[in-house]
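Let me begin by presenting the structure, written as structure tokens, before commenting on it.
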Amino acid sequence: MHIDVLTLFCEMFPSVLGASILGRALENKLLSVETHDIRAYAENKHHRVDDYAFGGGTGLVMMPQPIFSAIRDIDPEHKARRIYMSPQGKPLDDARVRALAKEEHIVILCGHYEGVDQRVIDELIDEEISIGDYVLTGGELPAMVLIDALARQVEGVLGNELGADEESFADGLLEYPQYTRPADFEGHKVPDVLLSGHHANILKWRRQQQLLKTYRVRPDLFSKVELSDKERKAFETLKNQ
Ligand code: 4FM
């Protein structure tokens, strides 16, 4: 997969893209990311990229010319999936990440100021995506969030042999709690079942913990989980304990 990022702040990307699992994935060419400075495409004398909003209002709007020129340069035949990161977008979730991970070429536009000229969205963008219901100063952090989530779905990026399918959200549940040594840290003990060596009991306990956590913290996710009649009954008993 290749990802092109259109941004006014290319300098925000190298440290995040260079570190940890994402850094290794890029180094190993499992995916590639290229950042492009929108300002370099501005054709006016002072390389201006924003202007006042028609109709009034306080903020500046990113003007169409530099973004149209950049996208025509990077994806002239519209072969890529073009994404605009903004709070007005559809909330990103695991299903969307998995679907986008199948794309060969993605272009991500990072917005700033009060947004971009609507003609950019109407004429150039395939989908508008939000990483959550809060407003950031720019789309760069959301773009990095999306890139990181996509990278995890690319074959070979995760070191373990299980991969992303065995990880959180694959079954629509939050993760169970994890513990490592020591078994007793300043009097705070690891649950006995995890030290018992009884594999079936451990699996059962972990599943119960996932269900309880999801039920309490994310009722929206819990309502979508499919449970057998037997498991639903057992959970009713468990949650009333
Ligand atoms: C803020 C872009 C205002 C456009 C931003 C406008 C964001 C988010 C975000 C900065 N992007 N999810 N939340 N972007 O805040 O994706 Cl008009």
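Values quoted throughout were computed directly from the atomic coordinates according to the rules given, and no laboratory measurement underlies them. Small disclaimer: the values here were computed from a predicted structure and weren't measured. FYI the Cβ positions are ideal-geometry reconstructions off the backbone, even for glycines, and counts take in every protein chain you see.
Here are the numbers:
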{"item": "Fluctuation leader among Asp148, Asp192, Asp93 - the chain, Gaussian network, Cα springs under 10 angstrom", "result": "Asp192"}
{"item": "Whole-Å distance, taken between Cα centres, linking the range 187-241 and the range 70-135", "result": "38 Å"}
{"item": "Rounded tilt (10° steps) of 64-74 against the dominant C-alpha axis of the chain", "result": "70 degrees"}
{"item": "Reduced Cα scattering model of the range 1-147, Debye log10 I(q)/I(0), q = 0.13, 0.14, 0.20 Å⁻¹", "result": "-0.57, -0.66, -1.36"}
{"item": "Filtered GluC sites (Glu not before Pro), the range 1-77: DSSP coil and at most 16 other beta carbons within 10 Å", "result": "Glu43, Glu77"}
{"item": "Relative contact order %, the chain, counting alpha carbon pairs below 8 Å whose residues are six or more apart", "result": "18 percent"}
{"item": "Crossing angle, helix 140-153 versus the chain [Cα axis fit, 0-90 degrees, rounded to tens]", "result": "50 degrees"}
{"item": "Estimated dipole of the range 105-241 in Debye, rounded to 20 [Cβ of Lys and Arg +1, of Asp and Glu -1, Cα centre]", "result": "1160 debye"}
{"item": "In degrees, nearest ten, helix 229-239 long axis to first principal axis of the chain (Cα)", "result": "80 degrees"}
